[in-house]
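**Student:** One structure, as structure tokens, below. Some questions next.
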């Protein structure tokens, strides 16, 4: 746990700066804003509890915690009845709710169709802009695994998005 006031101030500064990035990552990993907020809160709590370890590289530590919590959530979801969406589209602050919402919806649907391992690699590589080495370290896998999972995920997303294209999309 956080001991001194200086350490508490350092954690608070980290949490303030990292929360938007963690929130974006969590949202892309789980596809639901509410669950993403819960994951980020749990990530920050775990990071605060282990601040003596995390303070050297807090961003990497928190990202690894977030990925592990997301994996645990996926395992839990497979054991219970699926959730049903209420049909409300999530619009993130500051975005134009026009055509971007439709594109984001298609992209999120394609991401949700990926197996969990491919999804987490894709999110860390392209949405968090991590290198192959940093992604491998965050997931505790080899560089080759990151590269192969990335290639498979991109191929699968391409085929999913092409399969979803309607004749109206082609006419534009």
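**Student:** Just to check your reading of the model, which residue among 146, 101, 141 is part of a helix (DSSP H, G or I) and surrounded by fewer than 17 Cβ atoms within 10 Å (Cβ to Cβ)? Walk me through it before giving the result.
**Tutor:** On the way: 146 fails: surrounded by fewer than 17 Cβ atoms within 10 Å (Cβ to Cβ); 141 fails: part of a helix (DSSP H, G or I).
Exactly one of 146, 101, 141 is part of a helix (DSSP H, G or I) and surrounded by fewer than 17 Cβ atoms within 10 Å (Cβ to Cβ), namely 101.
**Student:** Would you mind telling me which numbered condition in (1) at pLDDT 90 or above; (2) surrounded by fewer than 13 Cβ atoms within 10 Å (Cβ to Cβ); (3) within 22 Å of residue 21 (Cα to Cα) residue 96 fails?
**Tutor:** Against the list (1) at pLDDT 90 or above; (2) surrounded by fewer than 13 Cβ atoms within 10 Å (Cβ to Cβ); (3) within 22 Å of residue 21 (Cα to Cα), residue 96 comes up short only on (1).
**Student:** Hey, does segment 78-88 have a residue that's surrounded by fewer than 17 Cβ atoms within 10 Å (Cβ to Cβ), in a helix (DSSP H, G or I) and either modelled with pLDDT under 90 or outside the structural domain of residue 123 (by TED's automatic domain parsing) (or both)?
**Tutor:** Start the filter on segment 78-88 by keeping residues that are surrounded by fewer than 17 Cβ atoms within 10 Å (Cβ to Cβ), which leaves 78-88.
The next check asks that each one be in a helix (DSSP H, G or I); those that pass are 78.
Narrowing further to those that are either modelled with pLDDT under 90 or outside the structural domain of residue 123 (by TED's automatic domain parsing) (or both): 78.
Yes: one or more hits.
**Student:** Still on this structure, I have one more. Being within 12 Å of the chain's Cα centre (by Cα), touching a residue at least 12 places away in the same chain (Cβ under 8 Å) and surrounded by fewer than 18 Cβ atoms within 10 Å (Cβ to Cβ) is the filter; apply it to segment 6-31 and report the residue that is farthest from residue 120 (Cα to Cα).
**Tutor:** It comes out as 21.
**Student:** Considering segment 111-127 alone, what residues qualify as being buried (at least 18 other Cβ atoms within 10 Å of the Cβ) and outside any helix (DSSP H, G or I)?
**Tutor:** Going through segment 111-127, the residues buried (at least 18 other Cβ atoms within 10 Å of the Cβ) turn out to be 111, 114, 118-125.
Matches in segment 111-127: 114 only.
**Student:** Moving on. When you scan segment 33-58, how many residues do you find that are touching a helix residue (DSSP H, G or I) at 6+ places or on another chain (Cβ under 9 Å), under 20 Å from residue 71 (Cβ atoms) and touching a residue at least 24 places away in the same chain (Cβ under 8 Å)?
**Tutor:** 8
The values are calculated or read from the model by the stated rules, or taken from the named source; none is laboratory data. What you are looking at is a predicted structure, and each value in this text was computed from that prediction instead of being measured. Methodologically, a virtual Cβ is constructed for each residue, glycine included, from the backbone with ideal geometry; neighbour enumeration extends over all protein chains shown.
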